[in-house]
Amino acid sequence: MKEYLEKIIKDRRSISEFSDRQVSNEFIDELIDLASFAPSSTNTQPWFFLIFKSEENKNRLNYYIDLGYEKLKNQLKDNNIISWTIFSKVADSFSKYWRFDKAPVYILCFARSYDKKGLSQIIKLSNNNNIENIANESTKTSVAMAMQNLLLGAYSKWLWTRIKDWIKFFLIDDEIKKQFYKEFSIPNDYSLISWIQIGYPKENKVKRVAFARLPIEKIRKYL
Ligand SMILES: Cc1cc2nc3c(=O)[nH]c(=O)nc-3n(C[C@H](O)[C@H](O)[C@H](O)COP(=O)(O)O)c2cc1C
């Protein structure tokens, strides 16, 4: 069991080239079930997963990404923040991070904000509004834990994944965010934490060797 878990943890890799093979809803439900066993802040289980499988809905997601990207470009251009040529070069080199890969399933992972009523007593007693921010940070941490369960669970079933975080930059625009939330009936107190692409790899397109990890001496300190 220990060796198996260690293998799953160490062999999991992010991939970008997925085959057309579909993933069944039963499989996805198993992953969501595993995600739901993650620890969560005061056991609030603040996660919600929006699963995109149909081409039509995936195209709608791409529409919002393009819209956000264009708007950001125009803002940068209007404000003369950086020269247009430099921006295009930078944007192009990052475009693989901005774009979805052609995966059969995208899972958008949301965190539900802390219940304000429950918190209001503590905020009143402590006289510090910052508590709400800190509480909401912990909901995001909870969702990240659930996401890791999902990633490892997927890999244990030979499903490969890649988180695509950068794409959520389109939400920096309030108007686009509003439209997006409305179209997919997402409650306003849900924050988009990240999204995960899932599928089977294209043959010979998996990179099994991990990028070198920082040595543990650099990432821990005993006190
Ligand atoms: C929070 C987070 C955000 C990420 N965002 C992106 C992204 O926007 N685009 C992308 O292609 N990969 C993204 N990744 C995947 C990382 O690039 C990848 O995990 C890292 O290079 C290590 O490779 P490995 O997952 O194969 O170990 C993200 C991963 C995490 C955990």
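Points worth noting:
- Qualifying positions in region 1-14 - within 16 Å of the ligand (Cβ to nearest atom) and either hydroxyl-bearing (Ser, Thr, Tyr) or under 22 Å from Asp165 (Cα atoms) (or both): Ile9, Lys10, Asp11, Arg12, Arg13, Ser14
- Number of the condition not met by Thr161 [criteria: (1) of a type in the set (S, T, N, Q); (2) more than 12 Å from the ligand (Cβ to nearest atom); (3) at pLDDT 95 or above; (4) touching a helix residue (DSSP H, G or I) at 6+ places or on another chain (Cβ under 7 Å)]: (2)
- Failed item in (1) within 16 Å of the ligand (Cβ to nearest atom); (2) surrounded by 14 or more Cβ atoms within 10 Å (Cβ to Cβ), with Thr44 passing the rest: (1)
- Scanning region 15-41 for residues that are outside any helix (DSSP H, G or I), touching a helix residue (DSSP H, G or I) at 6+ places or on another chain (Cβ under 9 Å) and within 16 Å of the ligand (Cβ to nearest atom) yields Ser16, Ala38.
- Residues of region 130-158 classified as more than 14 Å from the ligand (Cβ to nearest atom) and at negative phi, total: 14
- Residue within region 103-110 that is away from the ligand (no atom under 14 Å from the Cβ) and surrounded by fewer than 18 Cβ atoms within 10 Å (Cβ to Cβ) present: no
- For region 178-202, taking the residues that are under 15 Å from the mean Cα position of the chain (by Cα) and among the small types (Gly, Ala, Ser), the one that is farthest from Arg112 (Cα to Cα) is identified as Ser194.
- Scan of region 120-158 for residues that are among the basic types (Lys, Arg) and modelled with pLDDT of 85 or more, ordered by number: Lys140, Lys157
- Inspection of region 50-65 finds no residue satisfying the criterion of being within 16 Å of the ligand (Cβ to nearest atom), modelled with pLDDT of 90 or more, assigned to a loop (DSSP other than H, G, I, E, B) and under 24 Å from Tyr155 (Cβ atoms).
- Checklist (1) under 22 Å from the mean Cα position of the chain (by Cα); (2) assigned to a helix (DSSP H, G or I); (3) surrounded by 15 or more Cβ atoms within 10 Å (Cβ to Cβ) applied to Glu137, failing item: (3)
- Considering only residues in region 173-223 that are more than 24 Å from Lys102 (Cα to Cα) and within 15 Å of the ligand (Cβ to nearest atom), the one that is surrounded by the most Cβ atoms within 10 Å (Cβ to Cβ) turns out to be Ser191.
- If the condition is being in contact (Cβ under 8 Å) with a residue 24 or more places away in the chain and farther than 16 Å from Asn62 by Cβ, then region 174-192 contributes Ile186, Pro187, Asp189, Tyr190, Ser191.
- Total residues in region 9-20, condition surrounded by fewer than 15 Cβ atoms within 10 Å (Cβ to Cβ) and hydrophobic (A, V, I, L, M, F, W, C): 1
- Among the conditions (1) at pLDDT below 95; (2) not in a helix (DSSP H, G or I), Phe169 misses just one, which is (2).
The values are calculated or read from the model by the stated rules, or taken from the named source; none is laboratory data. Note that the structure is a prediction, hence the values are computed from the model and not measured. Cβ: placed from backbone, ideal geometry, glycine included. Neighbour counts: every protein chain shown.
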